[in-house]
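Written out below as structure tokens is the structure these notes cover.
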Amino acid sequence: MNKKKIYTIAGISAALILSVILLIIRPTILVYGIQRAGIYAAIALPMALVLGIVHIVNLAHGEMMMVAAYLSYFICTTFGIDPLVAAIPTGIIMFFLGLIIFKTSIAHTLEAPELNQLILTFGVAMVLSQSVNLIATSQPRKISLDYVSASATIGDVSFGIYDFIFPVLAALFLAVLIYFLKKTRLGKAASAVGQNPRGARIVGINVDLTYTIIFSLASMIIGVFGSFFITKFSIFPAVGGTFTMKSFALVAMAGIGNLPMVIGASLVLGLAESLVMSVPHGAGWSPMIFFGLIIIVILSRSFRSKQ
Amino acid sequence: MSKKLSALTMMLIVLFSSVFFLTSCKGKEEKPAEPIKFGGIWPLGDITGDQAAKAAQLVVDELNANGGLMGRPVELIVIDSELNPEKGAAAVERLATVEKVDFFVGGMSSGVHLGQIPALKKYKKVTMWTGAASSTAETAVGEGQDWYFHLHPWDYNQGNSYVEGWDDIAAKFSNISIDRWFLAYEEGPFGSASFAATQTLFSDMEIDGEAFQSAALGGGDYTAVLQRAKDYNPDVFIWAGYAADALPIMEQAKAVNFTPPLFIGAPPGWPSDFGDSALAENVTLYGMWAPSISKVSAVSKKFQDAYEAKYGETPATYFAPLGYTSIEIIAKAVEAAGSVETEAVIKALKAIQYESPLGETISFSPSNVISNQGFRNQKILQWQNGNQEVIWPFEFATAEPAYPFTR
């Protein structure tokens, strides 16, 4: 058995033991940790796809989610439909919005230094948030939905159950993406482009088209998530920024291009945050735990690769 | 040649005569009176600033419809502070130097105001401020600034009125218990200051609290803090966050089955559609005004009717009547003084008894630091059947408190 397998088994065992302990001590920590992890994973997966294949750190990631959330909000309020239904048209619109953003801006900086790409996508983020601010104002908006308050009681413990939709959504995103990348011709081509764009071009793969499709596909997933986002959160023009940072941190923790590990990283961070927040006056420590864990993981990976 | 010269001379004479005639005729026309200018600064992207600016324009229109002030038209120039201290300060400079306004009005957010105070002190024009509750801003203004008039209660005024209000309510309604408090507060300066102030003000009560990350700052998950509050089993639960937290916190409280007897929200502003949600029912809140006050105040009703007729919407925030007050109170002082000179207007404002659309009749008197403080009390309100009803002070009460909070 090689070292990697030993590490994997040890990690899974540790996570299982911790989960059982949490379940016994305070089951809500486990419940809220998994729900939180689902949100993180669902928003980080499209960034992992773009970063893994197109190799672009999209700093407009959270702002695109914010735009999708507003689109969904206006679709819901205009046509009187549920956000979960609005996810379909929102996803389609975001596919084309992603396509336009990619073709008009990002596509022109693929060969440029990474700093240029960062500044460009940061600019796109600013344009998106300021445009929404001008159109919709900074007033927070939220659709009131009865089903998001659904709860379950086990013994004397009550907890919300609607938020389990986020882990389910993340698992669905992951399954669809893995199927796309492993089983479809375009997905296989995208994997090849992600590994070696020059080689892929030589063997006849249309690299530009692959990049465009992948970015648009990621935008579509962001669009679907945006619709789910408004069921739980208020939306306002600045709501996306934090999710860009968290998504990037999760992808870095999981390893660039490693989609399944995004779920694992989200679980570790979600449970850690939930555990810290359950301690009296521990809420203020949760952002530090989030980024502290990421520093530890990246540093340990770096030391391992040196050895 | 001489013929041509004569013709040219004649033409020039005709031309000059025409110009002279036209100029002399114009000179006989009455020169239009210079407008009296108000410079307003509010965050227009926020409902508070948007409605305050609209209400201020409403007074200006009413004044102009009645012949203006001292026979002069009135003009309001509004600049968006965008809730940004630098932009707020730049707006003061622009209004003073480019627009050359006579009076400053406006204000929402203590942070923005702290950035504006140095510029306001530079020009020392009569200033009627609608926002900024932080006493840090009061200290920054300092003593002896007679040109500065502050309408919004300071934080300590608000705190004192909450203590007085809850004591009155508990004394009048013996079934209401307020001995055990839990405060969920956003982890920034606003929430932390609220928690510290609550601990000081209600020092004879049992108080515990827990911070949360506001949705406005990247958070939005309140389950942990709600779970802690539920374990504490308080008589009164207060959350101090922002408008973005309002509906999600109610949804999540319901999901964890947390129903304290009194559920209070204390954000600086509420989402405009919060009352439409069934979850708003029986939530208690603090504020200076609610549309329901029109049931007990004729001045408030007059303001509300005029606002709704002009804009086709209900003024949902107390910044609307505050914005109206800021212009109307200066206009009344100008009429009383018969002048827009700073000293004369200040003297008239110090003597004024103003019946405000917020319900109270106010006059200006010194607060802890500044010379001219207007309002000093907040009101305790409660959402009932989609409306904000006043439950305290009892003189403005439009409903009795619904107790205990149920779903």
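Would the range B:224-359 count as rounded, prolate or oblate if I go by the C-alpha gyration tensor, calling it rounded below 1.5 in a/c and otherwise prolate when a/b exceeds b/c, oblate otherwise? Cα axes put the range B:224-359 in the prolate bin.
Tell me the angle of helix B:47-65 to the major Cα principal axis of chain B, expressed in degrees between 0 and 90 and rounded to the nearest ten. Orientation of helix B:47-65: about 40 degrees from the principal axis. Note on A:LYS5: lysines with a C-alpha under 22 Å away, same-chain residues under 8 apart excluded, are A:LYS306.
Listed values for the range A:119-124 are Karplus-derived 3J(HN,Hα) couplings in whole Hz (6.51 cos²θ - 1.76 cosθ + 1.60, θ = phi - 60°), namely 5, 4, 5, 5, x, 4, and x replaces Gly and Pro.
For peptide B:209-219, the mean count of partner chain Cβ atoms within 10 Å of a residue's Cβ comes to 5.
Reachable lysines from B:LYS254, Cα under 25 Å, same-chain residues fewer than 8 places away excluded? Output for B:LYS254: A:LYS142, A:LYS232, B:LYS230.
Suppose only helical runs count, i.e. DSSP H with n ≥ 4. What mean residue ellipticity at 222 nm does that imply for chain A under -39500 (n - 2.57) per run, divided by all residues and rounded to the nearest 500 deg cm²/dmol?
Values: 12 runs with 231 residues, N = 307.
Theoretical 222 nm ellipticity from helices: -26000 deg cm²/dmol.
Excluding residues fewer than 8 places away in the same chain, name every one of the aspartates and glutamates whose C-alpha is closer than 12 Å to that of B:LYS122. Partners found: B:GLU93.
Please state the shape class of the range A:164-294: rounded when a/c is under 1.5, otherwise prolate if a/b exceeds b/c and oblate if not, all from the C-alpha gyration tensor.
On the way: a/c = 2.39, a/b = 1.94, b/c = 1.23.
Cα axes put the range A:164-294 in the prolate bin.
Convex hull volume per residue, computed on the Cα atoms of the protein assembly as shown, equals 239 Å³. Taking only the C-alpha atoms of the range A:132-192, the Rg (one decimal) and the largest Cα-Cα distance, Dmax (whole number), read 19.4, 53 Å. Every helix of 4 or more DSSP H residues in chain B counts as -39500 (n - 2.57), and over all residues that averages to -14000 deg cm²/dmol at 222 nm. Taking every C-alpha pair closer than 8 Å and separated by at least 6 residues, the mean separation divided by the residue count of chain A gives a relative contact order of 36 percent.
Pairs of alpha-carbon atoms within less than 8 angstrom and 6+ residues apart define the contacts here; what relative contact order does chain B have, in percent? Here the relative contact order equals 17 percent. When the square roots of the Cα gyration tensor eigenvalues are ordered a ≥ b ≥ c, the ratio a/c for the range B:289-328 is under 1.5, which makes its shape rounded. Size of the range B:131-186 from its Cα atoms: along the principal axes, largest to smallest, the extents are 47, 28, 15 Å.
Remark on B:VAL78: its backbone amide H falls under 5 Å from those of B:GLY40, a criterion applied only to residues 5 or more positions apart or on other chains, H modelled at 1.01 Å from N.
Backbone amide hydrogens, once placed in the peptide plane, bring B:GLY219 within less than 5 Å of B:SER214, excluding anything fewer than 5 places away on its chain. The distance linking the range A:240-285 with the range B:116-179 is 41 Å (Cα centroid to Cα centroid, whole angstrom). Which residue fluctuates the most in chain A, going by a Gaussian network model with Cα springs under 10 Å, if the choices are A:ILE29, A:ILE135, A:ILE294? Residue with maximal mean-square fluctuation among A:ILE29, A:ILE135, A:ILE294: A:ILE135.
Taking the range B:257-407 as the region of interest, the number of lysine pairs whose Cα atoms are within less than 15 Å, with members eight or more places apart or on different chains, is 4. Inter-chain neighbour count for A:162-171: the average number of beta-carbon atoms from partner chains within 10 Å of each residue's beta-carbon is 1.
I'd like the mean, over residues of B:267-277, of how many other protein chain beta carbons sit within 10 Å of each residue's own Cβ.
On the way: counts 1, 0, 2, 1, 7, 3, 6, 3, 0, 1, 5.
Neighbouring Cβ atoms belonging to other protein chains average 3 per residue here.
Sequence-distant contacts, meaning Cα pairs under 8 Å at least 6 residues apart, place the relative contact order of the range A:156-307 at 13 percent.
Residues considered: A:TYR40, A:TYR70, A:TYR179. Largest GNM mean-square fluctuation over chain A, using C-alpha springs under 10 Å, is found at A:TYR179.
Since every read-out is calculated from the coordinates, none of them should be taken as a lab result. Everything numeric here is computed off the predicted structure, so don't read it as measured data. Glycine gets a Cβ as well: all are built from the backbone with ideal geometry, and neighbour counts include every protein chain shown.
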